[in-house]
Each structure stands twice: as structure tokens, then as C-alpha cells.
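Here is the structure we will look at, set down as C-alpha cells.
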Amino acid sequence: MTEKDTARLKELEQIVIGCFAQTLMTDAAEISPDADFFDDLGGDSLDSLDVATQLEEKLGLSLPEEEFAKCRKAAEAAALLLKLEQGGVPEQAAEPEKKEKVEPITRVCDMEEYKVFLGRVASFEETGNPYFLCNDSPLRDTSLHEGREILNFSSYNYAGMSGRPETIRAAQEAAAHYGCSASASRLLGGEKPIHKQLEAAIAAWKHTEDAVVLVGGHSTNVTFVGNFCGAKDLILYDVLAHNSVHEGTRLSDAESRPFPHNNYEALESILRQCRDRYEKVLIVVEGVYSMDGDIAPIPEYVRIKKKYGCFLMVDEAHSSCVLGATGGGVDEYFGLDGHDIDIKMGTLSKGLGTCGGYLAGDHDLVEYLRYNLPGFVFSVGISPPLAAATMEAIRLLQEDPSIMASLHRNIRVFREEAKKRHLNTCLAGETAVLPILVGGDEEAYLLSTKLLEKGVFAPSAVYPAVPRGKARLRFCVISEHTPEQIVFALDTLVETAKELGIRLPE
Ligand SMILES: Cc1ncc(COP(=O)(O)O)c(C=O)c1O
């Protein structure tokens, strides 16, 4: 290797290390060229895709996926980059040798993944199991846990609709009238008047021409993202998009790639380079991201989708019933036109207080989905009591602006009170997800457990849901909370951290 090559290799190493650091949110100075991205630095395959996207953008080249996947260290990635810069075509990976014979697995306990799972469960013995906390009541400002009332900050019941007398009554009446189940796919006999009424109500609330409702939020994303695009198409999605979006991209025949979180410039740069190679391009982002509570730059995505001729899908799970005067979501918040976003996806399980998912958009798209979307066509219609309760929730939101006003007040109070106590709320903005940064996973588990003992529940979010060292307690405020409850919760948090000797990062 010439001296020039050696110098360039070193430069490339530093570029790769910079990308590692940005993706993993760590200090580049602490990353050695021989650190393993996965084992030493805690990256995962999605992080690795993010690094690839950054490198392509920075260096203006296209990385061969298979070759890049083999590079676990900055030094290895730099060697590949140098080869590419010098016009070398990376050798095609040899076909993995087919094993003659493998040991059949016939019991779950012999599965490697099951053994890993057992290891995780064993770790709960030290910290206590943070999962499956059982409540014997709706999750409103308070809930009933092990026979006592606790202050609850764990629910997505943002507008207090689950457990509200009006929605319960609507569900009861619909159950009495139609039964508890639609009992068939709507296409083939399960259709009830309330289904169409609900879809019309969602369309009006979301400022679209039409909407279709499915039985689950997760499955709505999987089936739509998994089926809307085909082999000639491309799906571009924010790397922090929900698991259901990632699952959908894996199901789809389309090419797909993530872009760095909220980085619309990176998205635009990808489109600039390759828009003309695909028929449809679907951009998938969320309105509000549930781990940090940050609002996406939707107007930029609208501009980009118009400029490059793409379809824009916004998952409004955490922006509907939170943003806007009637909880209408991102277009109400940003003052967008009803047609600016092609597909507004939302869940019924969060602010609307029931269960299901919807896709709202132009009539031609929605009508096409009604006859073609596998998750709709081959699945039962939403149950009538849930449809009725959801309709009532939308009516209440539209008719009573005090619901969103209370939620917005609580969000403001939480942020102000957290600031007074020098707590770090990560990227939280004007949304109901308000994380408090703790640091280590163990500390976050412990703090959450001790807080619960004192009657305040805020679950911990730990790696891999958030980057290593960035574990947090996720407080979700809802319209039903009072400012006094919020102040009490934060005081108890600070006091408990002090008792445990945990220094909360500022
Ligand atoms: C952004 C986002 N999309 C989709 C879903 C799935 O919704 P559901 O829980 O209603 O199935 C969730 C659930 O947490 C979510 O946060």
C-alpha cells in the first residue's frame, strides 16, 4: 500500500468512527478502529444500516450491502471504502456452504433464542421484573395495582377516553345491539352500519376523504407497509420508526432503507441520487416519536415528497389526540392541507382509548385498500363495541376543546417542573411522552421499582429500545392528570433517586 493510501485509510477510519459515534450517540474519541460495532459498542443491525446511510451520504458512494454487513470494525469498513474509492468491485460473497446435516430441534428449550431469553429472565431476579405490571382498573390518572391506588404515568390514554362513562356507555349499547364481534371479514358478511359511520368520523377528524379501520395498530402498519409497494418500488423510513414499520419493510418486495432520525436532508439526498430508479417511493415517518417524545419535521417531508413525487405516510400513534386543538394531529399542529400527507395512519389504542388501527387518505387509495389489503380483507372487522366507543371518543374530542387544553396544560407543567428540578427530558417537546433521563439500565429499573413502592408508576425504557447508557423513565401525561399529581410525581422521583444514590443527568 502506498503512503497516500495509508493516509487515506486512516482518514476513512476516522470518518467511520464519526458515523459510529453519531449513530450510537457516544464520543468518537472513545471508539478504537478495532472495536467491534456489535459486541464492543452495542450497535445492532439497524444501527449498522444507519451508519451505512451516513457513509453513503458523506462519501457519495453506494455501499454493497453484503460486503458492508461483514465489516464489524471501523478498520474493516475503512478498508472496504478505500477499495470502493479506488474503483474496486468487491468480490461477490461465496455461497455459504450448505451443511450436509443439521441437528433437528424439537423442543423449545433447545432453541438458542430461548436460551438467550432465559438469560434475560434470570436477570430480573436482581432487579425485579419490570414487565406485566397488573392493574385491576382502567389506566387513567390513577389505577388500582395490588389493591391500592397508584398515580399512573404509563398509559397512552392521552385523552382519558378509556374508562370515560360516555365511551363505556357507547360500547355497552353497541354490544347489546350488534354483539361483541363483527364475526366475519367485513368484505364477506361482517359489515355493520357502525363501521362506515366510524370511518366517516375518522376521515372528517383527520381532514381526509376517507378512512379504513383494521383490528390492530401494529398489524395495520405491517400489512400496509408490507403490501403497498412492490419489486419496482422503494420504501424510505426514519430509522427510529416503530417495529411495525420495520416488520412491514421486511415483508415487502420493495427495496427499503432507513434514513437517520428526523434527518430530512439525508432523505432528500437519497432521493436526489436514486428517485428515478423506482416507480413508487413510500416515505414512512412518525408524527411524534414515542421514546423521546419529539415532533417530526413534517412540513419538510411534505415539501420533499412533493418535489420528488413520493407517497408520504405518517404514523400518528402518538400525535393524534395529542397535537392540535381537537387532537387532530400533525396537520392540525402544522396547519397543513388535508391532502399534504397521503396516508395518515393511527392507532385506536392510544388517545382514542380502544383498540385497532386506521389508514386515512384520498378515497381512491382507501377504496383500493378495502378490496386489496390482506390485513383488512382476510381479518375480521373491528368489534362493534370498540367501533362505537371510538366514535364517541372522536365526538368528545371535537366537541369539547377542554380535553386537549388540559392535556396541553399538563405537558407544559411537567416540562416546567422537570426543568426547575434540573431533570433531563431528552428531546421531549410539546407532546405527552416526557422521558426523564436516568443513564444505566439497572438504575432505571431500580428507580422505577422504588417509585412504584411509593405509589407512582413510570416504566423504564432501556437498551435496545433506547441507546446504551440512555435508559430513562418514560412519563406519559394524560388529560386527566392534575398539576398537583405531576409535582408530587417529580418530587418523589428526585427524592427516590437521592435515596438510591442515583445521580440523574442534567
Ligand atoms: C408508533 C406506533 N405505531 C404503531 C403502534 C402499534 O399500535 P397498537 O399498540 O395499537 O397495535 C405503536 C404502539 O405502541 C406505536 O407506538
**Message:** Suppose we filter Leu352, Leu336 for residues that are touching a His at 6+ places or on another chain (Cβ under 9 Å) and either at pLDDT below 95 or over 21 Å from Ser252 (Cα atoms) (or both); which single one remains?
**Reply:** Leu336
**Request:** Might you let me know whether region 180-193 holds any residue that is at pLDDT 95 or above, within 16 Å of Ala387 (Cα to Cα), aliphatic (A, V, I, L, M) and outside any loop (DSSP other than H, G, I, E, B)?
**Result:** no
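Scan the helices (runs of 4 or more DSSP H) fully inside region 305-413 and keep the ones with 1 or more residues being touching a strand residue (DSSP E or B) at 6+ places or on another chain (Cβ under 9 Å) and farther than 30 Å from Arg277 by Cα.
Passing ranges, in order: 330-334, 374-377, 384-399.
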**Message:** So for region 477-484 (the condition being out of contact with any Gly (no Cβ under 9 Å at 6 or more places or on another chain) and part of a helix (DSSP H, G or I)), does at least one residue qualify?
**Reply:** yes
**Request:** Only residues in region 276-291 that are under 22 Å from Glu430 (Cα atoms) and free of Cβ contacts under 8 Å to residues at least 60 places away in the same chain count as the first member; pair them with residues that are among the β-branched types (Val, Ile, Thr) and assigned to a helix (DSSP H, G or I), Cβ under 7 angstrom, at least 6 apart or cross-chain, and list the lot.
**Result:** Val284/Val225; Val284/Val245; Gly287/Ile298; Gly287/Val330
**Request:** Among the candidates Ala78, Ala21, single out the residue that is touching a residue at least 60 places away in the same chain (Cβ under 8 Å), surrounded by 13 or more Cβ atoms within 10 Å (Cβ to Cβ) and not β-branched (Val, Ile, Thr).
**Result:** Ala78
**Asked** When you look at Val322, is it touching a helix residue (DSSP H, G or I) at 6+ places or on another chain (Cβ under 6 Å) and either at positive phi or within 13 Å of the ligand (Cβ to nearest atom) (or both), yes or no?
**Response** no
**Item:** Residue selected from region 240-269 under the condition under 16 Å from Val285 (Cβ atoms) and of a type in the set (D, E, K, R), by the criterion surrounded by the fewest Cβ atoms within 10 Å (Cβ to Cβ)
**Value:** Glu265
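Can you name the residue in region 228-239 that is more than 15 Å from the ligand (Cβ to nearest atom) and of a type in the set (A, V, I, L, M, F, W, C) and is also surrounded by the fewest Cβ atoms within 10 Å (Cβ to Cβ) among such residues? Walk me through how you get there before you give the answer.
So the first thing to find is which residues in region 228-239 are more than 15 Å from the ligand (Cβ to nearest atom), and the list is 228-236.
Now restrict to residues that are of a type in the set (A, V, I, L, M, F, W, C): 228-229, 231, 234-236.
Details: Phe228: 25, Cys229: 24, Ala231: 10, Leu234: 22, Ile235: 25, Leu236: 25.
Checking each candidate, the answer is Ala231.
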**Message:** For Phe37, only one of the following conditions fails: (1) in contact with a helix residue (DSSP H, G or I) (Cβ under 9 Å, 6 or more places away or on another chain); (2) modelled with pLDDT of 90 or more. What is its number?
**Reply:** (2)
**Message:** Looking only at region 188-227, count every residue that is more than 16 Å from the ligand (Cβ to nearest atom) and either free of Cβ contacts under 8 Å to residues at least 12 places away in the same chain or within 23 Å of Asp364 (Cβ to Cβ) (or both) and tell me the total.
**Reply:** 18
**Request:** Could you tell me which of the residues Glu255, Glu265 is without any contact (Cβ under 8 Å) to a residue 12 or more places away in the chain and more than 13 Å from the ligand (Cβ to nearest atom)?
**Result:** Glu265
**Request:** Those residues that are touching a residue at least 24 places away in the same chain (Cβ under 8 Å) and closer than 26 Å to Glu265 by Cα, I need them from region 27-44; list them, please.
**Result:** Phe37, Asp44
**Message:** So Cys134 passes all but one of these: (1) surrounded by fewer than 19 Cβ atoms within 10 Å (Cβ to Cβ); (2) touching a Gly at 6+ places or on another chain (Cβ under 7 Å). Which condition number does it fail?
**Reply:** (2)
**Prompt:** If you scan region 330-385, which residues turn out to be surrounded by 23 or more Cβ atoms within 10 Å (Cβ to Cβ), more than 16 Å from the ligand (Cβ to nearest atom) and under 20 Å from the mean Cα position of the chain (by Cα)?
**Reply:** Asp331
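The values are calculated or read from the model by the stated rules, or taken from the named source; none is laboratory data. Here the structure is a predicted model, which means the values were calculated and not measured. Methodologically, a virtual Cβ is constructed for each residue, glycine included, from the backbone with ideal geometry; neighbour enumeration extends over all protein chains shown.
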